[in-house]
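The values are calculated or read from the model by the stated rules, or taken from the named source; none is laboratory data. Just so we're clear, the structure is a prediction, and the values are computed from it rather than from any experiment. Every residue, glycine as well, gets a Cβ built from its backbone with ideal geometry; the counts of neighbours run over all protein chains shown. Areas reflect the complete protein model, heavy atoms only, side chains present, ligands, DNA and RNA absent. Shrake-Rupley method; radii C 1.70, N 1.55, O 1.52, S 1.80 Å.
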Amino acid sequence: MIQVAEIPGRTLLLEGKERLYFGGTAYLGLPSHLTFQDLLIHNIRRWGTAYGSSRNANVQLKAYGEGEQYLSQLARTEAAVTVSSGMLAGKLAIDTLTASSNRFFHFPGHHPAIHAVGSEPFYREGDLHPALLNDEQEDITLLTDAVPSFQVQPVGLDDIGKISPAKRITLVIDESHSLGILGENGGGIMGGLHLPNVYRKIQVASLGKAYALSGGMIASDREFIEKIQEADCFVSGAGMNPAFVQTLFDARPLFLGQRTKLMENLAYLGGLISGFDDLDFNTSYPVIYPHKETIHESLLQKDIVITHFKYPSSAKVLNRIVISAHHTHSDLERLAQSLGS
């Protein structure tokens, strides 16, 4: 266990020594970005440190309208709503769907935030679950991460086309680790999906990863978002910090600029580690999964810290190397040299 006294950025201070940091989820390098901090501080002065009122109260804050309109445009949906965390976003979406879905099915590696009680695996012994192929008319909901745990490629969804036409399909995609990175302008993979037999698509995500703002989002068609806004959990709870939602809107150009830097870093690193066969890496996604279980120890000896912990939905211990927009070419060269030695 490593304890630090300030937010890690490119580096962290450990035992009085500066180490390179390739962990966390700050894909766009924003938590320690001074311009981003200035935007947020400005909005805290305008909107305060918190607003503990129901979103459905008679006093409405314009910050939510601007930020949520931006998110719906980004996700390419009719509407979007913010909540206080990504976990709540997932749970609220699942709770709302439970009333209308006959059955849930999950793809491998889906996050606990979008797990439904009684959900069944989409695949059984390598084939589609038999219940997806029968002629029983029912509403079903499919649950998946945009990029499943321990993977570096977006989830393959072509098999959805094989589902029986008797099923009305809702697809829920957790984009917590793809929002801000994948898709058009970083809007995630959902907006680019063409699945003619899917009735409804729902995007949920944490905003605390690439966008470095504590909160969560749900994006879908207007009818579904209105159902979310009528849910007891939404009405009776306080919303996402309005200063954070306003910053989502105000930081749009910064998000795009940092995404460009991230993609440049990934392309550069790809050239440095091309041919390394003991790790999983994709130059469009800012994560490396090394195959060596003790890699975190050997990298620490070379003054490089990565993410290492027991992941709740896997028997494997997670070793995760995260590339960020704030890393320099020199940082990436040190990482590549350390991985290759």
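Let me spell out the model: positive unit charges on the Cβ of Lys and Arg, negative unit charges on the Cβ of Asp and Glu, origin at the Cα centre of the stretch 241-341. What dipole size does that give, in debye rounded to 20?
Details: 9 positive and 10 negative charges, 54 e Å.
So the dipole magnitude of the stretch 241-341 works out to roughly 260 debye.
Comparing mean-square fluctuations of VAL317, VAL147, VAL155 from a GNM of the chain with C-alpha springs under 10 Å, the top value falls on VAL317. In this structure, ALA267 and GLU125 have a Cβ-Cβ separation that, at R0 = 51 Å, corresponds to a calculated FRET efficiency of about 0.85. Among the listed pairs LYS167/LYS227; LYS261/LYS310; LYS162/LYS201, a Cα-Cα separation exceeding 26 Å is found for LYS261/LYS310.
Under a model in which nothing but the beta-carbon of Lys, Arg (+1) and Asp, Glu (-1) is charged, the chain shows a dipole of about 700 debye around its Cα centre.
Placing a label point 7 Å from the Cα of VAL235 along the Cα-to-Cβ direction, the residues of the stretch 75-102 whose backbone N falls under 15 Å of that point are 96. For LYS201, the amide hydrogen comes within under 5 Å of the amide hydrogens of LEU171, ASP221, counting only partners 5 or more places away or on other chains and with H modelled in the peptide plane.
A Cβ-based charge dipole, computed about the Cα centre of the stretch 191-290 with Lys and Arg at +1 and Asp and Glu at -1, lands at about 240 debye. Segment HIS291..LEU34, full-extension length gain: 89.0 nm, with 0.36 nm per residue of separation and the alpha-carbon distance subtracted.
Residues with beta-carbon under 14 Å from that of GLN337, excluding GLN337: net charge, scoring Lys, Arg +1 and Asp, Glu -1?
On the way: positive: LYS302, ARG334; negative: ASP303, ASP331, GLU333.
Residues close to GLN337 contribute a combined charge of -1.
Annotation: amide H of LEU28 within the under-5 Å range of ALA325, sequence separation 5 or more or interchain, hydrogens built in the peptide plane.
Computed from phi, the 3J(HN,Hα) profile of the stretch 63-78 under the Karplus parametrisation 6.51, -1.76, 1.60 (θ = phi - 60°) reads 4, 5, x, 5, x, 6, 5, 4, 5, 5, 5, 5, 7, 6, 10, 6 Hz, with x in place of Gly and Pro. Couplings for the stretch 91-107, taken from phi via the Karplus curve 6.51 cos²θ - 1.76 cosθ + 1.60 with θ = phi - 60°, read 5, 5, 5, 5, 4, 5, 6, 4, 5, 10, 9, 6, 8, 10, 9, 10, 7 Hz in order; Gly and Pro are left as x. Considering only GLY90, GLY161, GLY23, the mean-square fluctuation computed in a Gaussian network model of the chain, springs between alpha carbons under 10 angstrom, is largest for GLY161.
How large, in percent, is the carbon and sulfur part of the accessible surface of the chain at a probe radius of 1.4 Å? Roughly 50 percent, rounded to a whole number.
From largest accessible area down, sort TYR199, TYR51; use a 1.4 Å probe on the protein chains. Intermediate values should be presented prior to the final figure.
On the way: TYR199 105, TYR51 70 Å².
Solvent-accessible surface, decreasing: TYR199, TYR51.
Once backbone amide H atoms are built at 1.01 Å from N, LEU318 has PHE309, LYS310, TYR311 as its partners under 5 Å, excluding neighbours fewer than 5 places away on the same chain. For GLU184, the accessible surface of its heavy atoms amounts to roughly 110 Å² (probe 1.4 Å, protein chains only, rounded to the nearest 10).
Tell me, what is the per residue accessible area of the chain in Å², probe radius 1.4 Å? The partial results should precede the final answer.
Working: 15810 Å² over 341 residues.
Solvent-accessible surface per residue comes out at 46 Å².
From the coordinates of this entry, volume of the Cα convex hull per residue in Å³ is computed, and it appears in (i) 143; (ii) 198; (iii) 132 under the label (i). The 3J(HN,Hα) values that the Karplus relation (6.51, -1.76, 1.60; θ = phi - 60°) gives for the stretch 132-146 are, in residue order, 7, 10, 7, 9, 6, 6, 6, 8, 10, 10, 9, 10, 7, 7, 4 Hz. Gly and Pro appear as x.
If you plug the beta carbon distance of GLN153 and LEU279 into 1/(1 + (r/R0)^6) with R0 = 22 Å, you get a FRET efficiency near 0.95. A Förster radius of 41 Å, combined with the Cβ-Cβ distance separating GLN3 from ASN102, puts the computed FRET efficiency at roughly 0.30.
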